[in-house]
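What follows is a short report on a single structure.
The values are calculated or read from the model by the stated rules, or taken from the named source; none is laboratory data. In this text the structure is predicted, and so the values were computed from the model without any measurement. Please note: Cβ atoms are built from the backbone with ideal geometry, for glycine as well, and neighbour counts cover all protein chains shown. Heavy atoms of the whole protein, side chains included, go into the accessibility calculation; ligands, DNA and RNA do not. Shrake-Rupley method; radii C 1.70, N 1.55, O 1.52, S 1.80 Å.
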Amino acid sequence: MFGAACAGEDAMIKYLGSKRLLLPFILEAMRDLQPQGQVLDLFSGTSRVGQALKAAGYSVIANDNNQYAHCVAQCYVEADAEDHALDLERNLAILRQASPLDGWFTETYCRQSRFFQPQNGARIEGMRIALEQMPLTPIQKSILLVALMEAADRVDSTTGVQMAFLKSWAPRASNPLVLRKPELLPRSPGGPCQAWCLDALDAANQFEGDVVYLDPPYNQHSYLGNYHIWETLVRWDFPEVYGKACKRVDCRQRRSAFNSKITIAEALQKVLEALSGRPMLVSFSDEGYLQREQIEGMLAKHGTVETRQQSHVRYVGAKIGIHNQQGLKVGQVSHLKNQEFLFLVRP
Ligand SMILES: C[S@@+](CC[C@H](N)C(=O)[O-])C[C@H]1O[C@@H](n2cnc3c(N)ncnc32)[C@H](O)[C@@H]1O
């Protein structure tokens, strides 16, 4: 379930539900459904799927309601390598020279909580402040923010989510922060790509697309709660925080209807109605709130449904086992693989 994405294995942030390992399976299904044209990716996350589609020659509209994910999609889906050959290296060189600054970010995420070691926190903070002062287009800014997010991710002290930090420092947390160049994709022959930060329903109403890819959250794990530091790093809004993990207070209000067992079916139904008449490719897991038959029933109202499935390694926590509050292993999880479904809907 976890995946690093983009060019190299460790080139992108660790992300719950990343489809990195399922890309061949998804691309094959997409080609069978719609061999070319424009794809609307409504829940883009790491934008890993959007990147693969762009690289395969589609024009992609990537959307996600969290700003850090929008920023990632601006960098890897909307931006074309040809347009940033010169400015990117120059801007990265400026950022690498920024003086460390031990302020709000370092205090919050390195002392009140312990997600990064203070020397790295201060480097992240110094670069983030320098970045704010540079004259950049929105796309240039997003590319640099992604470079910073990825650099911070490589020295974090978590298991891949920001709900908690490790009791003892992860070995990688002592490494010095290194800013690498994000590997942008060349322009797609299918046409320009775009990134948006909207609720999925609004995006479904606003954009057409020849085909739609849907990969919604499928259980209680809130993306904003799990990646609150990336949201803060991108927004740079110094939010009020709460709890041991210093989460943004808006994690309590900005809840996705897809993270609730009570509201997920209705939320998905509304999006499907807005998309009706378009071919759709839907990702879902057998560990989600909705059962395979339930989803097939919902999709059947919008066309003929073909279901494909593939087994997939579960997230890293499943391999580590179940631990108590003191960090002692107290049990094994029942299984290390789950089934990933792809539903192809032909209107
Ligand atoms: C399963 S992840 C997508 C993973 C993505 N396909 C990838 O490979 O990285 C679901 C995404 O939906 C986003 N999301 C949650 N609720 C949403 C909503 N109501 N509208 C738009 N995006 C939403 C989350 O921020 C998260 O990035």
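Structural descriptor for the chain: relative contact order 20 percent, calculated from alpha carbon pairs under 8 angstrom and at least 6 residues apart.
Using bins of 10 Å that start at zero, the share of Cα-Cα pairs per bin across the chain amounts to 5, 25, 34, 24, 11, 1, in whole %. Among R346, R128, the order of accessible area from largest down is R346, R128, computed with a 1.4 Å probe on protein heavy atoms.
Taking a virtual spin label 7 Å from the Cα of Q112 along the C-beta vector, which residues in the range 237-262 bring their backbone nitrogen under 15 Å of it? The answer is 237-252, whose backbone nitrogens lie closer than 15 Å to the label point.
Relative to the dominant Cα principal axis of the chain, helix 118-133 is inclined by about 70°. Partner lysines whose Cα lies under 18 Å from the Cα of K141, excluding those fewer than 8 positions away in the same chain, are identified as K181.
Convex hull volume per residue, computed on the Cα atoms of the range 132-194, equals 147 Å³. Spacing of the modelled spin labels on E89 and A170, each 7 Å from Cα toward Cβ, amounts to 3.1 nm. Distance distribution P(r), the range 146-255, all Cα-Cα pairs, bin width 5 angstrom from 0: 2, 9, 14, 17, 18, 17, 12, 7, 3, 1 percent. Straight-line reach from K337: taking Cα to Cα under 16 Å and skipping same-chain neighbours fewer than 8 places apart, the lysines in range are K19, K319. Each residue, T307 and I129, gets one label point 7 Å from its Cα in the Cβ direction; the gap between the two is 5.5 nm. Distance from the Cα centroid of the range 118-157 to that of the range 197-242 is 20 Å (rounded to whole angstrom).
For K261, give me every one of the lysines with a C-alpha distance below 19 angstrom, ignoring sequence neighbours fewer than eight places off in its own chain. Partners found: K270. Relative to the globular-protein estimate of 2.2 N^0.38 Å, the Cα radius of gyration of the range 41-132 stands at 1.34. In nanometres, what is the gap between the two model label sites at S276 and D202, each 7 Å from Cα along Cα-to-Cβ? Inter-label distance under the simple model: 2.4 nm.
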